[in-house]
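Just so you know, all these numbers are worked out from the coordinates, no wet-lab data involved. Computed from a prediction, not measured in an experiment: that's the story for all the values here. Note that we place each Cβ from the backbone using ideal geometry, even for glycine, and neighbour counts take in every protein chain shown.
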Amino acid sequence: MESSTALGDLRDRLPPALSRLLEGHLKRLPLPEQAAALMTRWVERHGTGLPESSFLNLLYLAASSEALFLGLMRHPEQLPVIGSQVRAGAMGREDLEAGLARLMLTRRWGSPAEALAAFRVLQTARILLQDLLGVLDFEEVTAELTALADVLIGKAFALTYQPLREELGLPLWVTEDGRALPCGLTVFALGKLGAGELNYVSDVDLVFFYRADGVTDRGHPNASFFGAWAQAATALLSGPTADGPCLKVDTALRPRGRDGELTLSYDAALAYYREWAGLWERQAWIRGRPCAGDVESGAIFLAQMSQIVYQPYAFSGIAEQNLRMREKSLARLRRMGELERDVKEGPGGIRDAEFTVQALQMAHGQTDRWVREGHTLLALSKLRQKGILTTRKAGALASGYVYLRRVEHWAQVQQMRQTHRLPGGEEEWAALARFLHEASAEEVRRRVSSHRQALGMLFRRTLEELGEEEGGPSGIARLTSAEGMREVLRQARMPDPDRALPQLASLYQSLAPMLDRPARRQHFRRIHYSLAREFESAPEPYEGLCALQNLVSSLAAESGAVAALLDRPRLPRLIFRLVSRSAPLLLDLQRWPFLLDLVRYEAMRDLERRLEPPGGGRPSPDALRRWQKELLFLAGSREIVMGESLAFSHQVYTRLAERVCDAVFAGAAREVEEAEGLPHGLLSRELVLVALGRLGFGEMHPRSDLDLACFKRHRWVVPEEPERSARVEHRFIRALAGAFTSVTRHGALYDVDFRLRPYGDSSPHVQSREAVLDYFAGPAQLWERLAYLKARPLAGERELGGEILRGAWSATYERGVSAADLTQVEELCSRLGAGARDLEAALKFWPGGLLHLDILLLVLQVKSRLAPGPGGTAALLSRLEAAGAVAPEQRLELFRARQVQEAILHRSRLHLERPPVLSRLDGELARLEAVWAASARRIDEEVRPKGLTAQWEASRRAVREIAGRLLGPVAS
């Protein structure tokens with residue numbers, strides 16, 4: 001149908017009043033011919049019985065967006081509702097939520113996706129009409145579009161939660177006092193949605209982080225629950241309907257992009273952004289905000305993220321990064337032949353305005369919190385208020401940004417497609433002019449060209465002012481000069497820059513021969529400035545610098561090792577972080593340089609997936625030791641760089657020891673069976689390796705030894721051959737102990753202790769079931785009986801181990817605990833405490849220490865006749881509370897006391913080369929506090945590294961007081 005015919009046909013169908021209204025508004029309509037054709041379709045289907053206000057709403061919608069008009073035609077009963085909303089002005093989130101609820105209740109929908117998509121179409125039509133009619137200005141339009149998206153996202157997550165809750169259970173996380181609380185997911189918006197200035201048609205950039213790792217009340221990992229929830233909600237938002245998808249969700253801004261996990265815990269996400277994210281990834285979080293889910297916890301996360309986003313950067317690095325990002329997008333447009341027509345990514349486009357503002361925020365937000373603002377126009381205002389931008393520059397950026405955004409809006413609303421193309425022909429420019437209320441197409445062209453020139457110039461000039469030319473050889477020479485190095489040492493507040501200068505110079509001399517490529521020179525600049533930040537935050541920066549310099553010097557003999565430091569510019573600062581906070585990790589790196597390759601986000605993040613030994617379960621002794629050293633290094637590095645809970649560390653060190661024990665037991669059994677000509681698998685059926693102590697209770701630390709016992713089913717391992725059986729048992733124990741303690745180029749595995757077997761050192765290393773049960777029914781002392789309450793089968797014939805342990809436990813409960821038993825144990829503790837010479841021994845053996853607390857809990861377990869169970873000390877405390885053996889407040893006090901003492905023990909082994917001797921305890925504890933506080937910590941860390949001496953004394957006092965109340969004066 002010809003356009004003139006369409007207008008004529010519409011006039012013929014309209015009553016005189018509406019026809020006059022059409023004529024009065026015809027010249028203002030962006031696309032009058034399109035409006036006529038679409039209005040004719042409406043009249044044919046629904047007639048002309050329209051109020052004038054409804055007619056005008058339809059007319060302007062038809063003249064601007066065919067897609068939204070057709071959407072309203074699919075839901076004609078909503079026209080009066082939309083009309084009343086248009087007149088009312090901005091709705092905001094609360095009214096939008098109420099409107100969505102009404103829409104879902106007043107009609108039977110085929111699926112929730114249909115209702116959400118219909119609401120999105122209807123409300124976008126309402127907002128466009130308010131935009132066209134001048135009811136809302138640009139900022140109000142983008143705020144309404146943002147609120148609409150927030151409501152839809154929130155509803156999608158609400159609708160998809162309950163089915164997963166019923167299937168997988170309620171996600172939980174454990175607080176510092178051992179309580180399990182519901183764990184929430186926060187949906188964070190980035191990009192224009194995060195800034196509160198969404199387009200009519202735009203992907204919504206979302207990332208999903210949850211409060212903490214843990215499991216649901218049905219035993220599923222939190223990560224699995226939240227990953228499934230995010231997938232379900234995203235699918236609901238993105239699913240096809242008659243009105244199209246509700247929203248197009250883009251999750252590519254999550255850590256590691258599309259290769260990364262869909263959901264992460266807060267702590268894992270913070271560690272990624274703190275240590276591994278590129279500057280551009282952190283810059284994206286200038287516009288981050290929680291938009292759905294657990295918004296309150298999301299605010300806590302954002303407070304932590306703000307420190308990471310606005311950490312100290314070289315201004316030149318910020319400028320270079322933004323220039324590189326812009327050039328990348330421009331190069332793509334050149335290849336497509338769209339360089340000049342793209343109003344967003346093209347030269348002088350919207351992106352130039354955004355990157356200009358964000359670069360200034362990244363630079364000045366480091367020291368001025370006022371300019372940390374996600375909304376572009378508000379950020380411009382704040383930068384002007386602080387004098388960072390002149391009034392003229394801020395005005396040029398704001399007016400250009402708003403004008404080009406409105407041009408972009410017109411490109412999108414016509415067919416509701418995500419496009420940024422400028423008009424092509426004259427008629428297209430004329431339609432844009434009418435949408436913008438401009439006098440002519442030529443005027444629009446002129447203003448678009450003027451704004452683009454201004455924005456492009458401001459972008460280039462701003463980055464030139466931020467940047468300095470340091471990437472070439474002359475710039476490197478300045479950085480490596482004595483004055484350049486002194487400058488960075490002074491900026492880092494190094495206590496004595498002249499003392500540190502030779503160490504830094506030596507480090508740079510090791511790197512200098514490799515600076516033959518532009519990329520490596522650029523990486524060197526990053527290393528230079530990142531080390532300055534590390535020096536500033538290190539508790540002992542000079543000692544850390546010396547350690548780093550010595551390590552790099554020792555790497556010179558390793559092929560490619562020094563070059564790797566320049567090819568991976570994050571590596572030097574992370575190495576400094578590790579060696580300045582952990583003497584054991586420094587020793588590991590000096591002994592085994594191959595560990596450097598593990599200083600990567602992927603390796604640390606995938607630590608748990610690596611907890612399977614190499615070689616298909618039959619690794620060689622050397623391969624087993626190398627694998628163990630890699631896992632121990634990763635566990636310690638992850639704690640320092642990423643931050644982990646004590647419970648997680650216990651779990652990792654315990655699982656590692658379990659895998660090693662299983663492999664060693666199997667290897668020793670094969671070795672002896674082959675040497676003795678025994679049937680394959682005989683020893684695995686006749687023997688069981690039992691774990692006691694920390695390994696038995698699942699609470700291993702770095703450098704923990706293994707308390708083990710080995711039992712057999714019958715009197716003889718080889719039936720009716722006592723001499724051969726004795727030889728086999730001796731060879732097996734020797735092979736077992738040798739596998740643990742013999743040293744290869746990758747060190748030993750563990751120190752092992754078999755002294756907790758019945759009768760101790762005076763008895764055979766392998767004892768029969770009958771002998772063990774006779775011992776526990778007879779001469780076993782209380783401390784031995786209590787020790788076996790923490791035992792569990794570890795390798796070999798586990799059913800046999802379970803049977804033996806249940807018999808020992810039964811004998812322990814039958815014998816009970818007498819006053820004489822408690823006196824004997826108290827005397828033992830006194831002797832051990834009196835012999836303590838260092839921090840570890842004091843933590844374990846002093847009154848109110850870890851041994852005292854263990855005895856208290858195990859005695860209460862015997863008195864309550866509670867069967868041993870999994871979960872370690874925290875689980876035992878909960879079972880004792882449920883049995884009424886301890887009051888809730890006592891459980892909490894004992895849990896906190898245990899956490900303090902365990903944390904100090906764990907951290908001393910993680911950070912210090914050897915336990916501090918008691919004569920220097922105060923100074924060493926202060927040093928431990930400093931390196932602990934300078935390491936990564938969880939948001940909900942159980943024990944704070946402040947006032948450790950006071951915390952330790954208070955914890956011991958609490959244990960003594962509660963023991964006195966529960967067990968009497970002897971126990972206190």
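Computed from Cα atoms, the angle from the helix 266-275 axis to the main principal axis of the chain rounds to 80 degrees. Placing +1 on each Lys and Arg Cβ and -1 on each Asp and Glu Cβ, with no other charges, gives the chain a dipole about its Cα centre of roughly 880 debye. Using the Karplus relation 6.51 cos²θ - 1.76 cosθ + 1.60 with θ = phi - 60°, the per-residue 3J(HN,Hα) values for segment 680-695 come to 4, x, 4, 5, 5, 8, 9, 10, 9, 9, 10, 9, 10, x, 5, 5 Hz, with x marking Gly and Pro. Think of segment 640-815 as a dipole: +1 on every Lys or Arg Cβ, -1 on every Asp or Glu Cβ, centred on the Cα centre; then among ALA787, LEU682, ALA668, ALA787 lies furthest on the positive end. With both labels modelled 7 Å from their Cα along Cα-to-Cβ, the GLU536 to HIS730 distance reads 6.7 nm.
A Förster distance of 35 Å, applied to the separation of the beta-carbon atoms of ARG745 and GLN509, puts the FRET efficiency at 0.70. For segment 846-940, the Kirkwood hydrodynamic radius from C-alpha pairs, put into Stokes-Einstein at 10 °C and a viscosity of 1.306 mPa s, yields a diffusion coefficient of 104 µm² per second. Relative to the longest principal axis of the Cα atoms of the chain, the long axis of helix 646-676 lies at roughly 50 degrees. When segment 839-972 is described by a simple charge dipole with +1 on each Lys and Arg Cβ and -1 on each Asp and Glu Cβ, the residue from PHE845, LEU918, ALA934 located farthest towards its positive end is PHE845.
Put the Cα centre of segment 74-127 next to the Cα centre of segment 610-680 and the gap is 59 Å. Residues THR462, THR5, ranked from the fewest to the most other C-beta atoms within 10 Å, line up as THR5, THR462.
So what's the projected area for the chain, the Cα convex hull averaged over all directions, in nm²?
Values: hull surface 190.7 nm².
Orientation-averaged projected area of the Cα hull: 47.7 nm².
What the Cβ-Cβ distance of ARG493 and THR949 gives, at R0 = 30 Å and to the nearest 0.05, is a FRET efficiency of 0.65. Calculated on the Cα set of segment 1-50, radius of gyration then Dmax: 10.0, 26 Å.
Distance between the modelled labels on ARG486 and ALA557, one decimal in nanometres: 3.6 nm (7 Å Cα→Cβ projection). Of the two radii for segment 102-205, the radius of gyration is 1.10 times the Kirkwood radius, both from the alpha carbons; that is the Rg over Rh value. Here segment 445-535 is treated with +1 on each Lys and Arg Cβ and -1 on each Asp and Glu Cβ, and its dipole about the Cα centre works out to around 760 debye.
For Cα pairs less than 8 Å apart in space and 6+ apart in sequence, what is the mean separation divided by the residue count of the chain, i.e. the relative contact order in percent? List each step's numbers first, then the result.
Numbers: 1445 pairs, mean separation 78.7, N = 972.
The normalised contact order for the chain reaches 8 percent.
Considering all C-alpha pairs of segment 619-671, those separated by over 17 Å amount to 40%.
Semi-axes of the equivalent ellipsoid of segment 315-466: what are they in whole Å, largest first, if each equals the square root of 5 times a C-alpha gyration tensor eigenvalue? Don't skip to the answer; put the middle values down first.
Details: eigenvalues 161, 62, 32 Å².
For segment 315-466, the ellipsoid semi-axes come out as 28, 18, 13 Å.
Overall, segment 817-971 carries a charge dipole of about 120 debye about its Cα centre when +1 sits on the Cβ of Lys and Arg and -1 on the Cβ of Asp and Glu, all other atoms neutral.
In plain terms, the chain from ARG914 to SER306 could stretch by 215.2 nm, reckoned as 0.36 nm per residue minus the Cα-Cα distance.
Helix content alone sets the calculated 222 nm mean residue ellipticity of the chain: runs of n ≥ 4 DSSP H residues at -39500 (n - 2.57) each, divided across all residues, give -20000 deg cm²/dmol. Here the simple spin-label model places points 7 Å from the Cα toward Cβ, and for ASP922 and ALA331 these points are separated by 6.1 nm.
Comparing PRO51, PRO245, GLY219 along the charge dipole axis of the chain, the residue lying farthest to the positive side is PRO51, per the Cβ-charge model.
Taking other C-beta atoms within 10 Å as the exposure proxy, TYR508, TYR542 rank TYR542, TYR508 from fewest upward. The spacing between segment 174-247 and segment 402-422, judged by their C-alpha centroids, is 29 Å. Checked against a 21 Å cut-off, the cross-linked pairs LYS344/LYS386; LYS790/LYS844; LYS248/LYS344 give Cα-Cα distances beyond that limit for LYS344/LYS386. For segment 23-99, the square roots of the Cα gyration tensor eigenvalues, ordered a ≥ b ≥ c, give a/c of at least 1.5 with a/b greater than b/c, which places it in the prolate category. To the nearest ten degrees, helix 541-555 and the longest principal axis of the Cα atoms of the chain are 80 degrees apart.
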